[in-house]
Every structure is written in C-alpha cells, then in structure tokens.
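Chemist: The structure that follows is given in the form of structure tokens.
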Ligand SMILES: [Zn+2]
C-alpha cells in the first residue's frame, strides 16, 4: 500500500468561494456595516459552538468559519475578534513552530478588496485555508469517548433469538455486572484515483487484545450513543498495547484497501474497456474508409501516400488508446484521519441449555452499548456458534457434532 498519504487541496491560491456579483458593490465600501456589525458579538452563544468570536459576513460560509474556530480551539490557540469580522489568533507553541509566527490575522470576508499586511485570507482553497487544512491533516485527530449502555443490556431471553438450538432448550438468561473495556476506532478515507475519482469512509473498531471487532463503511462507529470522556478507564495505555492496536488497524485498512481495489478494478476496467471499444470502432471505421479509397485509386501514383494515411491513423489510434489507459489507471490511497479511544460497556451473559435432566451452562460476552449478545461460544470447541445441537450427552456446534 498504500502508506498513509496526505491529500492536497488543489484550488488556486487566493481562490474565493463566492464569486458573485455582490463582490464589487461590497468592495466599494458598502460591506463595512455588514462586515463589522457582528464582530466580537455573540461569542459561542449557541450550544455546542466553540467560544470564539464569530462576526461572519453574508458572503462567507459559516460552516467553514466554525470549522476553523473549532480547530483553532482544539489546538489551544487564542482567538479574539478583530474589526470587520476578522480574527486575531495567538497561535499555540506547536503552530508557532510550524508557521514560524506567533500570531496571525485571519480574514474571512471574500468581498474584502485588500487584506491587512501579513494577514491570511481564509477560505477553503485560499493560501490561508490551505495551510490550515494541511496542518489539520498532518496528524489524525484523537478523541476519547464512552459508549452509553443500553437498558436492558441484553434481551431478556438471552441468546434465544440469536442462536438456534436442536434437541435442546434455552433456559432463563442472567446478565452479569457491566464493566468497561477499552476499544479503539480508527477512521480512514479510502480514495480511488483514475477515471472517476471516488472516496469512501471506513471505521475499524479494535478490541482490548488488538483483535478487529468491526469494519464498517461509515464516518462514525454505528449504532452507539457516545458521551465525551473516557468513563471508568483511568490508567494510561501501555505503549506496546498501543503499538499492537496500530499494527492491527493498519493491517486491516491495508487489506480493506486491497479488497476495494479488486472490486474497483472490475468496474473501472469495464468503463475503460467501453471507452477503448468506442475508440476502436471509430478508428477502424476511419481506416476502412481510407483503405477503401486506396483500393479505388489503385494504380495511381498516390498509392504510397494513401497507404501512409492509414498508417498514421493506426498510430493515432494507438496514441489515443494509451491515453485512455493512462487516464483510467487506478491508484488507491488510504488516509487515517481520526482515532477514537472508547470506553465500551460489556457484560457476561449466562444461560443454560437444557434437554431433559441435562444442563449445560453457556457463558459469553454481550455488547451492552448495542444491547446485543455476541454468538454464544460452543461448549465443546469455544468457537462462536450460530446453532447448537445435542450430541453425546452435551451441547455443541454443528462442526463439533458427530456426523
Ligand atoms: Zn464446537
């Protein structure tokens, strides 16, 4: 692979998102009211918004300003309102080193005709916006969360709905106390280049032992209600455990990218071949015409010249086909953009399998965040069983049962 690579934004320096007609009017000074009126007012008044000054103007994108604000706040920068909706930012030591400056003035208003000396115009795709995006992509974001427990933590009838039985009955289920386990979710974007570029978001959830528990095509860990902070897991991670997790996540993401690449190779290959076919029928028709004309003129002095035309058509065809192949050549890129450390509620489910006087106790884990038990372990081999049968006076899975 498929090393974790960074994507670059490709917009031009200084490109502005709002190329509307309002720009000239505002440049003539009419924007001053609109631009400055909100500066410094209402910092973080809406719930969930960062406590940074807003002061946005009509022409800019509020989502972008919010993103920049959250990001600066997460990186421990101090943001203050400046005139005309600008932000005066005191950079964190880390960003000071990266950008070789202590403070920066951010200008968001795309209608501003000039930017103060040393200030950065900050729109997506602008030089300032790109610096921020590049810094944001340099390291994966890291958060700590707790998965809230479901009530009840498991179905009342335990595994009855999840695991079929033959010659046996499930007895009453008992759920043990809830404990919290550490899990780590790795968030990645897989990008396909070539022909029609394509992106997919994936999450890989890794368990306490480094085992991969889930692999989902989604932006977030699905079916879970999160709360910020790491509940009931005070001790820091051991470095070797962290290493194991990273290795296992990396291996999974690489395998995933290869899988996707194999699938994409088929669909991309089909589109490429269609285009090559169209190119082929166009050029073979042209060559045929040319050869037909050549036959009609046979005997003339131009014979050599006509032959040359068909040859140059063939060369042109080859050149265009190579172009098509190159354009559809596939490249896959995996970028890890976020890591979440989770405190995850789990419990043990105990349930008896019964047949007449026979009693077999089965014990297995439950994902209390989803209120869902994993498949029960086979009492004989311990592997997760979709079905349990009665055999040799005990219960076991289909693989363990004598034929
Ligand atoms: Zn078994």
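Chemist: For residue 198 and residue 355, what is the calculated FRET efficiency with R₀ set at 41 Å and r taken between the beta-carbons, to the nearest 0.05?
Modeler: Once rounded, the FRET efficiency stands at 0.20.
Chemist: Which value in nm describes the separation of the simple spin-label points at residue 102 and residue 141, placed 7 Å from the Cα toward the beta carbon?
Modeler: 3.0 nm
Chemist: Suppose the chain between residue 327 and residue 386 were pulled fully straight at 0.36 nm per residue; how much longer would it get relative to their current alpha carbon spacing?
Modeler: Fully extending the segment from residue 327 to residue 386 adds 16.6 nm.
Chemist: Another question, then. Figure the gain on full extension for residue 215 and residue 276 (residue separation times 0.36 nm, minus the Cα-Cα span) and round it to one decimal in nm.
Modeler: Value of the extension gain: 18.3 nm.
Chemist: Plugging the Kirkwood radius over Cα pairs into Stokes-Einstein for region 255-396, at a temperature of 25 °C and a viscosity of 0.890 mPa s, what D comes out in µm²/s?
Modeler: 109 µm²/s
Chemist: Can you give the Rg/Rh ratio of region 225-288, where Rg is from the C-alpha atoms and Rh is the Kirkwood radius?
Modeler: Rg/Rh for region 225-288 comes to 1.47.
Chemist: Considering only C-alpha atoms, what is the centroid distance from region 335-403 to region 69-146, in Å?
Modeler: 51 Å
None of the figures in this text is laboratory data; all of them are computed from the coordinates on show. What you are looking at is a predicted structure, and each value in this text was computed from that prediction instead of being measured. A quick note on method: Cβ atoms are made from the backbone with ideal geometry, for glycine too, and the neighbour counts reach across all protein chains shown.
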